[in-house]
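**Q** Structure provided below as structure tokens; questions to follow.
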């Protein structure tokens, strides 16, 4: 397909979108023309197949295919009602999947279009998950530095802080020490355990750490023993909360090295900035 033709079909499809109270939909009658079907009965057969696919996917057909009638002109100012169907984007996708791509280039375009859109959505969702994990890891580091500063003023040195943090891990992971979890998750000896934990566990550790910081100040705790006890209790409380929701932190699979995730995000950011710079340059020519 030529680029001009693809661009035209893309514009036709997106321009045909309606908005009803924040919900986007397409008219089946208009989509019929866009996808190259001259007769409604033939296009209706494709819609029927799409509805069956929708049902097989466990979706409620009525949520994606809503029948309605509208008035159309038939000449000399007269109008008559015709049946139409309001289609969601998902319904349009199913129609494209059930259309005949071998004889209709419009259907081939639609199938490619939705495949690309789905892939774009997956990329965006994965990037958001990566950003959330990196952000959570940075937040945990900040929380641990904050706690370290608070307890340093209360007679706890760096060596004792490491022990306190390890005791907290042991409470959170059901008796498994930091080193135990490193072995289980195959974390390099010289790397922090948190760099390989999933986002949920990182946030759990962060919450327990923030609780300890708050209570150490609020209760005016001093010395290794009292602060260690407080940190253990907070991690046990967080563990109980997770267990009540069916989650055991020690059983969650390891996540990708957060440093690799950071590098990937940085590279993607540089690529985006480079493309934006190129676009601005081309526009200025």
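**Q** Any chance you could list the semi-axes, whole Å, largest first, of the equivalent ellipsoid that the Cα gyration tensor gives for the chain, using √(5λ)?
**A** On the way: eigenvalues 660, 106, 62 Å².
They are 57, 23, 18 Å, listed largest first.
**Q** Then there's this: In whole angstrom, note down how far apart the Cα centers of region 177-234 and region 244-269 are.
**A** Spelled out, the Cα-based centre of one part sits 17 Å from the other.
**Q** Nearest 0.05, what FRET efficiency do residue 80 and residue 271 give at R0 = 51 Å with Cβ-Cβ as r? Could the numbers behind the result be given before it?
**A** Values: r = 55 Å, r/R0 = 1.07.
The value I calculate is 0.40.
**Q** Output the 0 to 90 degree angle, nearest 10, between the alpha-carbon long axis of helix 199-218 and the longest principal axis computed from the alpha carbons of the chain.
**A** Taking the Cα atoms of the chain, the angle to 199-218 is about 40 degrees.
**Q** Give me log10 I(q)/I(0) at q = 0.15, 0.16, 0.19 Å⁻¹ for region 140-285, Debye formula, one equal scatterer per alpha-carbon, no solvent.
**A** -0.77, -0.85, -1.10
**Q** Here's another thing I want to ask about it. What FRET efficiency do you get for residue 139 and residue 229 if R0 is 30 Å and r is their Cβ-Cβ distance, rounded to the nearest 0.05? All intermediate terms of the calculation are to be shown ahead of the outcome.
**A** On the way: r = 25 Å, r/R0 = 0.82.
According to the calculation, E is roughly 0.75.
**Q** By how many nm would the segment from residue 158 to residue 250 grow when fully extended, if each residue of separation counts as 0.36 nm and the alpha-carbon distance is taken off?
**A** On the way: separation 92, 0.36 × 92 = 33.12 nm, distance 2.60 nm.
Gain in length upon complete extension: 30.5 nm.
**Q** Using Cβ contacts closer than 10 Å as the measure, can you line up 184, 232, 85 from fewest to most?
**A** The order, fewest Cβ neighbours first, is 184, 232, 85.
**Q** Given a Förster radius of 51 Å and the C-beta distance between residue 20 and residue 260 as r, what FRET efficiency does 1/(1 + (r/R0)^6) yield to the nearest 0.05? Walk me through the numbers on the way to the answer.
**A** Details: r = 44 Å, r/R0 = 0.86.
With R0 = 51 Å, the Cβ-Cβ based efficiency is 0.70.
**Q** Would you please state which residues of region 238-265 a label at residue 183 would reach in this model, taking the label point 7 Å out along Cα→Cβ and a backbone N cut-off of under 15 Å?
**A** none
**Q** Please rank 54, 17, fewest neighbouring Cβ atoms within 10 Å first, as an exposure proxy.
**A** Details: 54 22, 17 13.
Ordered from fewest to most neighbouring Cβ atoms within 10 Å, 54, 17 come out as 17, 54.
**Q** Kindly put 214, 231 in sequence by how many other C-beta atoms sit within 10 Å of each C-beta, fewest to most. Please list the in-between numbers first.
**A** Working: 214 14, 231 28.
Fewest-to-most Cβ neighbours within 10 Å comes out as 214, 231.
The numbers here are math on the coordinates, done by the rules we state, and not lab data. The structure presented is a predicted model; accordingly, all values stated were derived computationally and were not measured. Cβ sites come from the backbone with ideal geometry, for glycine too, and all protein chains shown count toward neighbours.
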